[in-house]
Amino acid sequence: MSVRLETAVGALRLANPVMAASGTFGYGLDLADLCPPERLGAVVSKGLSPRPRPGNPMPRIVETAAGMINAIGLQNIGVEAFCREALPELRSRAAVVAVNVFGAALEEYLEVIARCEREDGIAAYELNVSCPNVSAGGIEFGHDPALLEALTARCRAATRRPLWVKLSPNAPDLVATARAAVAGGADALTLVNTVRALAIDAAARRPVLANGIGGLSGPAIKPIALRMVWEVHRALPEVPLVGIGGVETGRDAAEFLLAGASAVQVGTAIFREPAAPLRIIAELECFCAAHGVADVRELIGGLQWR
């Protein structure tokens, strides 16, 4: 059975619904020999700031029973180096590139977008709003609906490209923040980011990570992420969603589509298996064929709630 894998996130058309998540695929070329970026629905860049950032001290990653906790601290080469060094080759490969944007203040988000606006080959922006806003006492942008709406609105005014907002599962009311992002002009929502977590070295009686608290990702958070995608889809059925959190197989991808996502991002699985997104695309195609699904878009929002 032939299966149509093309999908879309709002106005952005994708050859298939599987992307590489920010922070897990470098700047789109690091794993190109094992997983060519042009074969994925899209590649989301490592988060970019106006200037290079060293990140947190080591250790900053720890494996857990069903995933990993990271406290990388948003280390990156800065937007200028990305535009100069990585983007030209991504463009030559015809890869679909979404740039993940973050900042400690609203002006830093705008600075990254302004630099990227001078370049071709960028398909969308994904705002990482799980960042403390130094101008508002350290509260995360994604935890305050009013702050999030204002940030999204300013970024929306800075570009005509598709604008996605990556929501935090740690927000007090995820649906309220989803509504705020849409009110500010978001074209789509990515959910979810990592869940705050702690690993302890019992012998040393200290946290394993130098930073103490980190973000949990991988299969451990998949049921949480599925629930959140479903809740946001029910509240905002017309808003395109990108699901993320523990996607390791084609069946996982199908579950997120059924919950209401139009596409998924693969993250933690890439650390163990760099070509995991390619396998997941093939498995999703096989799943659809085995279940009589001729077009992958038939799955979107198809969960039958009892």
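The values are calculated or read from the model by the stated rules, or taken from the named source; none is laboratory data. The shown structure was predicted, so the numbers you read here are calculated from the model rather than taken from an experiment. Virtual Cβ from ideal backbone geometry, glycine too; neighbours counted across all protein chains shown.
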Lone qualifier among R51, R39 - being surrounded by fewer than 24 Cβ atoms within 10 Å (Cβ to Cβ) and farther than 23 Å from L127 by Cβ: R39
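How many residues does region 266-286 hold that are hydrophobic (A, V, I, L, M, F, W, C) and surrounded by 19 or more Cβ atoms within 10 Å (Cβ to Cβ)?
So the count comes out to 7.
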Residue in region 4-32 that is surrounded by the fewest Cβ atoms within 10 Å (Cβ to Cβ), counting only those that are out of contact with any helix residue (DSSP H, G or I) (no Cβ under 9 Å at 6 or more places or on another chain), assigned to a strand (DSSP E or B) and of a type outside the set (K, R): L14
Evaluation of L87 against (1) in contact with a strand residue (DSSP E or B) (Cβ under 9 Å, 6 or more places away or on another chain); (2) in a loop (DSSP other than H, G, I, E, B); (3) closer than 30 Å to G250 by Cα (one fails), failing number: (2)
Filter result for V165 (within 19 Å of F102 (Cβ to Cβ) and of a type in the set (V, I, T)): yes
Qualifying residue in region 44-53 (condition: closer than 26 Å to E108 by Cα, outside any loop (DSSP other than H, G, I, E, B) and among the basic types (K, R)): yes
Candidates R251, R227 - the one that is out of contact with any Leu (no Cβ under 9 Å at 6 or more places or on another chain), among the basic types (K, R), over 19 Å from V129 (Cα atoms) and at pLDDT 95 or above: R227
Flag if S135 is more than 17 Å from G26 (Cβ to Cβ), outside any loop (DSSP other than H, G, I, E, B) and modelled with pLDDT under 95: yes
In region 110-132, the residues that are small (G, A, S) and in contact with an Asp or Glu (Cβ under 7 Å, 6 or more places away or on another chain): S130
Qualifying position, being under 18 Å from G41 (Cβ atoms), within 17 Å of the chain's Cα centre (by Cα) and in contact (Cβ under 8 Å) with a residue 24 or more places away in the chain, among G245, G218: G245
Region 73-92, residues that are surrounded by 18 or more Cβ atoms within 10 Å (Cβ to Cβ) and either of a type in the set (S, T, Y) or modelled with pLDDT of 95 or more (or both): N76, I77, V79, F82, C83, A86, L87, L90
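Test A98 against the stated conditions and say whether it is surrounded by 14 or more Cβ atoms within 10 Å (Cβ to Cβ), in contact with a Ser or Thr (Cβ under 8 Å, 6 or more places away or on another chain) and part of a strand (DSSP E or B).
In short, yes.
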A254 buried (at least 21 other Cβ atoms within 10 Å of the Cβ), farther than 29 Å from D30 by Cα and touching a residue at least 12 places away in the same chain (Cβ under 8 Å): no
Single unsatisfied condition, V62 versus (1) farther than 24 Å from Y109 by Cα; (2) hydrophobic (A, V, I, L, M, F, W, C); (3) within 19 Å of the chain's Cα centre (by Cα): (3)
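Pick out the one residue from G215, G245 that is under 16 Å from A21 (Cβ atoms), crowded, with 24+ Cβ neighbours inside 10 Å and of a type in the set (G, A, S).
Going through G215, G245 in turn, the sole match is G245.
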Boolean, V232 is modelled with pLDDT of 95 or more, crowded, with 22+ Cβ neighbours inside 10 Å and β-branched (V, I, T): yes
